[in-house]
Amino acid sequence: MWDFSTDPDFAAELDWIRDFVVRECEPLDLLFPAGGDPYDVSNEQARAVLQPLEQQVKDRGLWACHLGPELGGQGYGQLKLALINEVLGRSYWAPTVFGTAAPDTGNAEILAMFGTAEQKARYLQPLLDGDIVSAFSMTEPQAGADPKEFLCRAWRDGDEWVIDGEKWFTSNARYAAFLIVMAVTDPDAAPHERMSMFVVPAETPGIEILRNVSTMEEAEDEGIHGYVRYRQVRVPRDAMLGAPGEGFTVAQARLGGGRVHHAMRTVGKCQRAFDMMCERALSRRTQGSLLGDKQAVQAWIADSWIELQQFRLLVLHTAWVIDTQPHGAARTQIAMCKVAMAKVFHDIVQRAVHLHGSLGVTHETPLAGMWMTVPSLALADGPTEVHRTTIAKQVLRGYSPAPGLFPTEHVPPRREAARARYGL
Ligand SMILES: Cc1cc2nc3c(=O)[nH]c(=O)nc-3n(C[C@H](O)[C@H](O)[C@H](O)COP(=O)(O)OP(=O)(O)OC[C@H]3O[C@@H](n4cnc5c(N)ncnc54)[C@H](O)[C@@H]3O)c2cc1C
């Protein structure tokens, strides 16, 4: 059954969220530009601003909507989450205020899925309560998209695991209370069974943040992506998350959800850039008419609207597949969302920036900040090329070589086969 309607009670919640995000969260983006201090839970000034807003969201019953009721969430499912996330995506800080910010969401999910009772009590609960933040430490300086190249090792020594190696781009490492670290525990095993995952408290001796790397949109000295050295870091035996050799499976469980949630938020970002493009088209005059009256501008608006609607429907349909089909059924569609997200965001933001003229390249509007995140979208959670390969391989599985396309003595040409079929 196909149904594109939103139930009225939930639509009312969406209205409340939209109003709250525009009124309370979008100003935060001006107060605290991308990255930086509000992630620091010991920063009292930032906490004083964020906590009352988070409380309003909790009072409304909308905190951590990505989680099921057993973990204090609403259990809305992915489709409703997609509709919420596309509103939250309008603002950099809205996901934090609603308890749905990466990388904490993914870390919470894998702790819930694979954690022991003790790990859940110690790490998951304070994470869900918003009392701490966490980091996910997988990418290495010499390897990102291909885990077969990972070098960070972990080995058993008595009742402890010893972790040794370097990780690159561990977002929020500087603020994290704990880091989830992927390390090679069995180098001789099959590639996808070589690694295991560990939950490592940030204060464990041997963890050294070599640099806090900043991306384009972050100030150079305020980066949040840790280049981290784990120098013979010792953790107890029960610090492993999941079973030995299960690190890749745990990572995949985390990344699949993360990618589609990111795509949901990107719908909102595209919508915001598109809104600004339209407002500009209706307010700027040149050579006797509005920009919106120029044919070239109309083409940009039409193309952007078509691309945005296609992308949004793909994301919503993917969410629906996750909700209604067996686990794993949405794998190809999630990859499609990931690829489409980077392209559509690039194209719409580029046109929006261009239509704003010189204003578009300044920090007077959110567009410059959006533009600077364009390259990251095609890289974080895996480069576009890798996801294209996943999609193509899966699609090709549904095909077989075309019989008779090229005539050979064994396979008659297609037209002759058709003639024979009808006795002509
Ligand atoms: C904003 C941001 C936040 C991040 N946060 C985290 C985090 O919290 N934790 C974490 O562990 N990592 C994080 N990452 C790292 C991210 O997961 C990696 O950037 C990603 O996996 C790609 O790895 P790489 O950067 O090493 O690029 P590489 O793997 O070196 O890829 C570089 C380029 O090589 C080409 N390429 C790579 N593989 C293929 C292929 N199979 N076929 C064809 N071409 C290919 C592509 O053009 C690709 O863009 C983050 C990255 C960004 C940008």
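Counting just the residues of the range 97-130 that are crowded, with 24+ Cβ neighbours inside 10 Å and polar (S, T, N, Q), which one comes out farthest from the ligand (Cβ to nearest atom)? Here the answer is 100. The set of residues from the range 131-143 being part of a loop (DSSP other than H, G, I, E, B), within 10 Å of the ligand (Cβ to nearest atom) and in contact (Cβ under 8 Å) with a residue 40 or more places away in the chain comprises 138, 141. Between 372, 341, the distinction of being surrounded by 18 or more Cβ atoms within 10 Å (Cβ to Cβ), within 16 Å of the ligand (Cβ to nearest atom) and either modelled with pLDDT of 95 or more or closer than 30 Å to residue 292 by Cβ (or both) belongs to 341 only.
If the condition is being outside any loop (DSSP other than H, G, I, E, B) and at pLDDT below 80, then the range 375-416 contributes 414, 415, 416.
Listed here are the residues, each with its yes/no results for (1) in the same structural domain as residue 351 (by TED's automatic domain parsing); (2) hydroxyl-bearing (Ser, Thr, Tyr).
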{"residue": "232", "(1), (2)": "no, no"}
{"residue": "236", "(1), (2)": "no, no"}
{"residue": "248", "(1), (2)": "no, no"}
{"residue": "254", "(1), (2)": "no, no"}
{"residue": "266", "(1), (2)": "yes, yes"}
{"residue": "274", "(1), (2)": "yes, no"}
{"residue": "279", "(1), (2)": "yes, no"}
{"residue": "288", "(1), (2)": "yes, no"}
{"residue": "303", "(1), (2)": "yes, no"}
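Scan the range 100-121 for residues that are touching a helix residue (DSSP H, G or I) at 6+ places or on another chain (Cβ under 9 Å) and farther than 22 Å from residue 266 by Cβ and jot them down. Answer for the range 100-121, where residues must be touching a helix residue (DSSP H, G or I) at 6+ places or on another chain (Cβ under 9 Å) and farther than 22 Å from residue 266 by Cβ: 110, 111, 112, 113, 114, 115, 116, 118, 119, 120. Among the residues of the range 322-330, is there at least one that is of a type in the set (A, V, I, L, M, F, W, C), modelled with pLDDT under 95 and part of a helix (DSSP H, G or I)? Looking for residues that are of a type in the set (A, V, I, L, M, F, W, C), modelled with pLDDT under 95 and part of a helix (DSSP H, G or I), one finds at least one in the range 322-330, hence yes. Among the helices (runs of 4 or more DSSP H) confined to the range 1-96, the ones with at least 3 residues that are touching a helix residue (DSSP H, G or I) at 6+ places or on another chain (Cβ under 7 Å) and crowded, with 17+ Cβ neighbours inside 10 Å are located at 44-59, 78-88.
Going by what's in this entry, would residue 197 be described as under 26 Å from residue 380 (Cβ atoms), touching a Leu at 6+ places or on another chain (Cβ under 6 Å) and within 13 Å of the ligand (Cβ to nearest atom)? The answer is yes for residue 197.
Looking across the range 150-182, the residues that are within 12 Å of the ligand (Cβ to nearest atom), of a type in the set (A, V, I, L, M) and not in a loop (DSSP other than H, G, I, E, B) come down to 179, 180, 181, 182.
The values are calculated or read from the model by the stated rules, or taken from the named source; none is laboratory data. From a predicted model like this one, the values you see are computed outputs, not experimental measurements. Heads up, the Cβs are rebuilt from the backbone with ideal geometry, glycines too, and the neighbour counts pull from every protein chain shown.
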